[in-house]
Amino acid sequence: MIYLDNAATTLRKPPQVIDAVARAMGSFGNSARGTHEGALTASRTIYDTRCKLAALFGCKRPDHVAFTCNSTEALNIAISGLLAPGDHVLSTDLEHNSVLRPLYRQMERGVQADFLPADRQGRINYADFDRLLRPETKAVVCTAGSNLTGNLLDLQRIGDFCAAHGLLFLVDASQTAGVFPIDMQRMHISVLCFTGHKSLMGPQGTGGLCVAPGVEIRPWCVGGTGVQTFLEKQPMQYPTRLEAGTRNGHGVAGLLAAVQFIRRTGLETIRAHELALARRFYEGVRTVPGVTVYGDFSTWERAPVVSLNIGDYESSEAADELAETYDIATRAGAHCAPRMHRALGTEEQGAVRFSFGFYNTEQETDAAIRAVQELAAT
């Protein structure tokens, strides 16, 4: 199978990741639930992973790295734990439902929100931040990069805006963590939410949020922590306040191996390879009669994603044909990005998304180009 659905999850992982998970399953106890070797081994690994992630993302304090199951959980924790009725939030049309639905739920509870509109190429106008700013605006919540078009948002520019107006800045880095450099301090990011199973190349069931000093998130889930048992409320020190229950130590061990692989390989090397394949594919399909490609390709400072439609094919029909006839895995449909599809005019047809990862090859990319060409000719 030619796997081009890396924006959903990376199927091919560094072998070190698989080995680390297997070793952890045979040796880890429960972190912070004992002083025996199994518990201590799990605790050391989890702490080491916090440190490595803090260094990767420019998070000032490793103890402000809290683990979750994925970025959706992290975003729910951040959005519900920082906003209150009467607050106003700015977001964008580029967002995934993991941002939109938590915001919509908060809007039912009295939070107000405005979404910067996107044009037909999936781009926002940054002047809209100033236009939509209100006295009661508390935060900007946005993705680092669209999972549908691959368009990036300028985090530095948005972060500077937030710093100038005293706003919290919450970032969904699901599509960029592990490929693009992120520096929370320089970019003025208050909370960075990430998932382990996409471009970080870690196991599913891993993710988290990095919290800047001084940002106080109310606990979303409360329960056992292994410490301060007689408190009736969740302990307030980070990361314990955001980590009720047993951590996924086995998955975190795999995530640590993935981060170590990324650090050894280099973000620049990974990004250059993935973008070279995405560009090769784009150049091979963009002029094919009947093919429509979505997004802004005037710059290649973008996520390695190319979404398209082929003539009048329903996107699901095209993806099924790619899978059944050509053994190529893609993602069709609405991609949990309803506002973006409305902006692109693809609500009815959806789109077929090709997303490239570090383990894809030029040969696989060329096979995907030929498949699109042949389907467009039928």
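The values are calculated or read from the model by the stated rules, or taken from the named source; none is laboratory data. It should be emphasised that the depicted structure is a prediction, and the values quoted were computed from it without experimental measurement. Positions of Cβ are generated from backbone atoms using ideal geometry, with glycine treated the same way; all protein chains shown enter the neighbour counts. For the accessible areas, the whole protein counts, side chains as well, though only heavy atoms, and no ligand, DNA or RNA atoms are used. Shrake-Rupley method; radii C 1.70, N 1.55, O 1.52, S 1.80 Å.
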* To do: Scan 291, 252, 259 and give me the residue that is touching a Gly at 6+ places or on another chain (Cβ under 9 Å), under 30 Å from residue 120 (Cβ atoms), among the hydrophobic types (A, V, I, L, M, F, W, C) and open to solvent by less than 60 Å² (accessible area, probe 1.4 Å).
  => 291
* To do: Could you grab me the full set of residues in the range 168-198 that are open to solvent by 20 Å² or more (accessible area, probe 1.4 Å), in contact (Cβ under 8 Å) with a residue 40 or more places away in the chain and part of a loop (DSSP other than H, G, I, E, B)?
  => 175, 181, 183, 197, 198
* Name the residue, out of 87, 19, 114, that is surrounded by fewer than 23 Cβ atoms within 10 Å (Cβ to Cβ) and in contact (Cβ under 8 Å) with a residue 60 or more places away in the chain. => 19
* Structure fact -> Scanning the range 1-16 residue by residue, the ones that are surrounded by fewer than 16 Cβ atoms within 10 Å (Cβ to Cβ) and not in a helix (DSSP H, G or I) total 3
* Structure fact -> Per the list (1) over 14 Å from residue 146 (Cα atoms); (2) touching a residue at least 40 places away in the same chain (Cβ under 8 Å); (3) outside any loop (DSSP other than H, G, I, E, B), residue check on residue 289 breaks on (3)
* Structure fact -> When the range 49-77 is checked residue by residue, the ones that are within 19 Å of residue 204 (Cα to Cα) and not aliphatic (A, V, I, L, M) are 49, 50, 52, 67, 68, 69, 70, 71, 72, 73, 76
* **Among the candidates 97, 151, 125, residue that is within 24 Å of the chain's Cα centre (by Cα), without any contact (Cβ under 8 Å) to a residue 24 or more places away in the chain and either open to solvent by 30 Å² or more (accessible area, probe 1.4 Å) or within 28 Å of residue 356 (Cα to Cα) (or both)** => 125
* Residue check: is residue 326 touching a Lys or Arg at 6+ places or on another chain (Cβ under 6 Å) and within 30 Å of residue 15 (Cβ to Cβ)? -> no
* Examine the range 174-182 for a residue that is within 16 Å of residue 65 (Cβ to Cβ) and touching an Asp or Glu at 6+ places or on another chain (Cβ under 8 Å), and state whether such a residue exists. => no
* Structure fact -> A careful count of residues in the range 270-308 that are in contact with a helix residue (DSSP H, G or I) (Cβ under 6 Å, 6 or more places away or on another chain) and closer than 19 Å to residue 367 by Cα gives 10
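Okay, residues lined up against (1) open to solvent by less than 10 Å² (accessible area, probe 1.4 Å); (2) touching a strand residue (DSSP E or B) at 6+ places or on another chain (Cβ under 8 Å); (3) not polar (S, T, N, Q):
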{"position": "326", "(1), (2), (3)": "no, yes, yes"}
{"position": "348", "(1), (2), (3)": "no, no, yes"}
{"position": "361", "(1), (2), (3)": "no, no, no"}
{"position": "364", "(1), (2), (3)": "no, yes, yes"}
{"position": "374", "(1), (2), (3)": "no, no, yes"}
* Go through the range 295-314 and give me each residue that's more than 21 Å from residue 272 (Cα to Cα) and either under 23 Å from the mean Cα position of the chain (by Cα) or of a type in the set (A, V, I, L, M, F, W, C) (or both). => 308, 310
* Select, from 370, 342, 302, the only residue that is open to solvent by 30 Å² or more (accessible area, probe 1.4 Å) and more than 17 Å from residue 291 (Cβ to Cβ). => 342
* Asked: Here are some residues: 65, 140. Which one is free of Cβ contacts under 8 Å to residues at least 60 places away in the same chain and open to solvent by less than 10 Å² (accessible area, probe 1.4 Å)?
  -> 140
* **Matching residues in the range 29-40 - criterion: being at negative phi, open to solvent by 40 Å² or more (accessible area, probe 1.4 Å) and in contact (Cβ under 8 Å) with a residue 12 or more places away in the chain** => 30, 33
* Set 223, 205, 254, 245: member being part of a loop (DSSP other than H, G, I, E, B), touching a residue at least 40 places away in the same chain (Cβ under 8 Å) and either of a type in the set (Asp, Glu) or closer than 18 Å to residue 30 by Cα (or both) -> 205
* Considering only residues of the range 196-255 that are modelled with pLDDT under 95 and at positive phi, which is nearest to the chain's Cα centre (by Cα)? -> 245
* From the set of residues in the range 328-339 that are within 14 Å of residue 93 (Cα to Cα) and either of a type in the set (S, T, N, Q) or in a helix (DSSP H, G or I) (or both), which is least open to solvent (accessible area, probe 1.4 Å)? -> 338
* Confirm whether residue 307 is polar (S, T, N, Q) and in contact (Cβ under 8 Å) with a residue 60 or more places away in the chain. => yes
